[in-house]
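These notes concern the structure reproduced below.
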Amino acid sequence: MELESNHRAASVRLRNLRKSFPGSANGQSAPLDVLGGIDLDVDKGEFVSFFGPNGCGKTTFLTVLAGLQPADEGTVAINSAGPEHAHVGFIFQNYRESLYPWLRNLDNVAFPLELQGAGRIERREKARQLLNLLGLDIPLDGYPYQLSGGQQQLLSIARALVFNPDVLVMDEPFASLDYSTRFSVRDLVQEIWLKTRTTTLFVSHNIEEAIYLSDRLVLLSKKPMRIIKEISIPLPRPRTASILEQEDFFRIHAEALKTFKEEMLQ
């Protein structure tokens, strides 16, 4: 397993992506437009973060992109094919509920390989290799409920990476972590990305966190969601907490906040 040269990292191309949900059956409420026409290109190996107001449709956007629900209009292409033909690793906000409490931690990581038909010995060995390569210190014979919140989140990230996905999708993965744990897990996510270079799409409600992790920040509007601005983040890597005090970080942060506040006032 050679993570440093992830040959399956994919490009992503979105065109005119639209999604709405029907109103009430008796016609008293109009359909709810959630995605208002999204156009976006993501390069292979790029880490792109998304930031927008609460309830703007970020989770709907990710599930459509991952092929978990269909778009009403538009196209999603991952390496020129639809998401149903790609390997997409999805890390949900409620990651605790996505872990299987009856499986040991090692078997939780290995579970996607079972779905691909790998035998028990093979999938457990690949899971061990991955955890070793990522440097994740997780008790393999224990169960998820015995882990801290940060360890559970890292377990879910390892599980999403074990089958070498084309794209990794993360939906506010740190939302349930306490303040201090967020910092350590954030840096581990950066370290994992630097090792794997997996194309990563990351939604966060923390704009500082989004800038810290990403190559590019995409700012989103209120419903129906659209892209209002894309901001390149050419800060050197690996990044440490000291970068939060640098002038370039302040400039990007100020530009993003100004754009976001202007959107909220409309």
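Out of Leu133, Leu113, Leu106, which single residue is under 23 Å from Leu177 (Cα atoms) and either part of a loop (DSSP other than H, G, I, E, B) or hydrophobic (A, V, I, L, M, F, W, C) (or both)? The unique qualifying residue is Leu106.
Of all the residues in the stretch 86-125, those that are closer than 17 Å to Gln153 by Cβ, open to solvent by less than 60 Å² (accessible area, probe 1.4 Å) and among the basic types (Lys, Arg) number 0. Of the residues in the stretch 249-258, not one is small (Gly, Ala, Ser), open to solvent by less than 30 Å² (accessible area, probe 1.4 Å) and in a loop (DSSP other than H, G, I, E, B). Here the stretch 183-205 is the region considered, the condition is being of a type in the set (Val, Ile, Thr) and within 18 Å of Thr240 (Cβ to Cβ), and the residue that is surrounded by the fewest Cβ atoms within 10 Å (Cβ to Cβ) is Val185.
Of all the residues in the stretch 227-266, those that are among the hydroxyl-bearing types (Ser, Thr, Tyr) and within 21 Å of Asn54 (Cα to Cα) number 1. When you scan the stretch 44-52, do you find a residue that is under 14 Å from Pro165 (Cα atoms) and small (Gly, Ala, Ser), even just one? Looking for residues that are under 14 Å from Pro165 (Cα atoms) and small (Gly, Ala, Ser), one finds at least one in the stretch 44-52, hence yes. The set of residues in the stretch 226-258 that are at pLDDT below 95 and under 20 Å from Leu40 (Cα atoms) is empty. For the stretch 53-62, check the following and say yes or no: at least one residue is of a type outside the set (D, E, K, R), surrounded by fewer than 17 Cβ atoms within 10 Å (Cβ to Cβ) and more than 30 Å from Glu263 (Cα to Cα). No, that holds for no residue.
The values are calculated or read from the model by the stated rules, or taken from the named source; none is laboratory data. Just so it is clear, the structure is predicted and the values come from calculations on it, not from any experiment. Every residue, glycine as well, gets a Cβ built from its backbone with ideal geometry; the counts of neighbours run over all protein chains shown. Side chains are part of the model used for accessible areas, which takes the heavy atoms of the whole protein and leaves out ligands, DNA and RNA. Shrake-Rupley method; radii C 1.70, N 1.55, O 1.52, S 1.80 Å.
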